[in-house]
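Trainee: Sharing a structure below in structure tokens format, with a few things to ask.
The values are calculated or read from the model by the stated rules, or taken from the named source; none is laboratory data. Quick caveat: nothing in here was measured; it's all calculated off a predicted structure. The area values use the complete protein model at the heavy-atom level, side chains included, leaving out ligands, DNA and RNA. Shrake-Rupley method; radii C 1.70, N 1.55, O 1.52, S 1.80 Å.
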Amino acid sequence: MKTNIFLQKTSNLFVENRVLKFTVLVLAAAVAVNSFMVSRAVKYQRVILIPPKMTGTIEFVEGLPSETYIKDITRKIINLGATYSPATARAQFDELLAYYAPEEYPKASSTWYALASRVEEALVSSVFYPQKIVLNDGELEVIGNYKQFANNQIIESGPRAYVLRYRIEDGRFYLLSFLEKGGTP
């Protein structure tokens with residue numbers, strides 16, 4: 001680039017400054033366009049996971065999981081919390097507690113371990129057959145048939161619904177509460 005086209009040195013400096021300003025503006029525009037495109041790419045990225053014991057791929061779009069993922073994890077949680085025997089209750093409840101959010105864990109652990117103690121003492125078994133899962137924002141309602149046994153005799157049988165409150169944080173499912181519709185776990 002020939003910058004000394006004028007006789008005066010100051011005039012040449014002004015021309016050089018204009019060229020540099022133009023270059024800075026072009027670079028700033030390129031950075032702005034690049035930032036916008038990177039933002040779009042991050043916003044629309046998809047993470048596909050194939051976790052163990054799930055029925056298929058799980059897709060997160062904009063940080064929100066697919067309905068399939070929510071239903072699979074709900075079935076697993078319901079089976080851990082509502083289908084148990086004296087021999088399996090404590091181990092299942094331990095696995096269930098791993099899904100709880102850290103702030104809910106202390107309360108949930110005391111509730112579930114108390115239930116495990118009652119199940120072991122009374123030799124009670126139960127089974128829950130989920131039939132319908134209703135998805136709401138941050139809440140799941142699972143409707144199905146429940147049977148409870150003691151000494152090979154049915155103590156209780158009939159329809160039952162459970163309400164599970166949850167949140168998804170950084171792609172991780174956190175259980176906030178597991179309640180029978182009407183109040184108790």
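Trainee: Students sometimes get this wrong: rank F22, F93 by accessible area, probe 1.4 Å, all chains present, largest first.
Mentor: F22, F93
Trainee: Spelling out what I want: for every residue of the range 72-84, take phi, set θ = phi - 60°, compute 6.51 cos²θ - 1.76 cosθ + 1.60 (Karplus), and round to whole Hz; glycine and proline get x.
Mentor: Those phi angles translate into 5, 5, 5, 4, 5, 5, 4, 5, 5, x, 10, 10, 7 Hz.
Trainee: Whole-Hz ³J(HN,Hα) for each residue in the range 150-163, computed from phi via Karplus 6.51 cos²θ - 1.76 cosθ + 1.60 with θ = phi - 60°, x for glycine and proline: what do you get?
Mentor: Using θ = phi - 60°, the values come out as 9, 6, 6, 10, 6, 8, 9, 8, x, x, 8, 10, 10, 10 Hz.
Trainee: While we're here: In straight Cα distance, which lysines are under 25 Å from K9, not counting same-chain residues fewer than 8 positions off?
Mentor: Here the lysines satisfying the reach criterion relative to K9 are K21.
Trainee: Continuing with this model, one more query. In the structure displayed, which of K107/K147; K71/K181; K147/K181; K71/K132 lie more than 20 Å apart, Cα to Cα?
Mentor: Working: K107/K147 26 Å; K71/K181 18 Å; K147/K181 16 Å; K71/K132 10 Å.
With Cα atoms farther than 20 Å apart: K107/K147.
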